[in-house]
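Here the structure is laid out as structure tokens; the discussion comes afterwards.
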Amino acid sequence: MTGNAWKRAISVLACLVAMPPAARAEPVQIKPGLLQLNGNLELPDGKKVPDGEVLIIVHGMLSHYGQETIAALQKNLKQRGRATLAINLSLGIDDRKGPRACDVVHDYALAGARREVGHWVEWLYAQRARGVDLMGFSRGGAQVAAIGPELPTIRRMVLLAPAFATSLEQAAAYEKAYGHPLAPE
């Protein structure tokens, strides 16, 4: 390359480095104990975690952070300038990704959700977030309602279609509504 070509290449590189980062989604992982936990961090254009508040989103039963409702919510909030961290509850599984199969035993103990959400809150504050809010969808909404008040550094809580009923209560409601039991045909 000629001297001018080098100067142009260096000039272009300098401009790219000086530009603010674009909006991005990035998978994040933490390993606060035996289990590796996964999340998806969505940051608006030119923003970093220390630039504002972050909303932690907890998924519903058998679900994960990539589930359509959660993914659409993250996308829409990012477009409105809101940083979000959608997390996967481990459900007792190391490095859990994707939905959870229906035909296996699940660990939905509230203590596990409390511990894992707490780890993510600590991680965000370690990244210098100015504040952390908490949102739960479906079963995640019921979990957030139960554990949120115990987390003193959470500013606000949002419950999106929270599912408070137990499986027995849901089965009874189904039978009452449709006149037959909730069971495979």
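The test for being under 22 Å from Lys31 (Cα atoms), outside any loop (DSSP other than H, G, I, E, B) and touching a helix residue (DSSP H, G or I) at 6+ places or on another chain (Cβ under 9 Å) holds for Leu124.
Against the list (1) among the hydrophobic types (A, V, I, L, M, F, W, C); (2) touching a residue at least 12 places away in the same chain (Cβ under 8 Å); (3) within 22 Å of Glu42 (Cβ to Cβ), the condition Cys102 fails is (3). So, Glu116, is that one in contact (Cβ under 8 Å) with a residue 60 or more places away in the chain, under 17 Å from Leu37 (Cβ atoms) and either under 15 Å from the mean Cα position of the chain (by Cα) or open to solvent by less than 20 Å² (accessible area, probe 1.4 Å) (or both) or not? It is true that Glu116 is in contact (Cβ under 8 Å) with a residue 60 or more places away in the chain, under 17 Å from Leu37 (Cβ atoms) and either under 15 Å from the mean Cα position of the chain (by Cα) or open to solvent by less than 20 Å² (accessible area, probe 1.4 Å) (or both).
Give the range 49-69 a look and list any residue that's farther than 20 Å from Ile30 by Cα and open to solvent by less than 10 Å² (accessible area, probe 1.4 Å), or say none.
Of everything in the range 49-69, just one residue is farther than 20 Å from Ile30 by Cα and open to solvent by less than 10 Å² (accessible area, probe 1.4 Å), namely Gly60.
For the range 136-171, taking the residues that are open to solvent by 60 Å² or more (accessible area, probe 1.4 Å) and small (Gly, Ala, Ser), the one that is farthest from the chain's Cα centre (by Cα) is identified as Ser167. A single member of Gly148, Gly140 is touching a Ser or Thr at 6+ places or on another chain (Cβ under 9 Å), in a helix (DSSP H, G or I) and modelled with pLDDT under 95, and it is Gly140. Just one of the listed residues (Asp133, Asp103, Asp95) is of a type outside the set (S, T, N, Q) and loosely packed, with under 12 Cβ neighbours inside 10 Å, and it is Asp103. Number of residues in the range 49-88 that are among the aliphatic types (A, V, I, L, M), without any contact (Cβ under 8 Å) to a residue 40 or more places away in the chain and under 21 Å from Val132 (Cβ atoms) equals 2.
The values are calculated or read from the model by the stated rules, or taken from the named source; none is laboratory data. Just so we're clear, the structure is a prediction, and the values are computed from it rather than from any experiment. Here Cβ is always computed from backbone atoms with ideal geometry, including for glycine, and neighbour counts include all displayed protein chains. Protein only, heavy atoms only, side chains kept; ligands, DNA and RNA dropped before computing areas. Shrake-Rupley method; radii C 1.70, N 1.55, O 1.52, S 1.80 Å.
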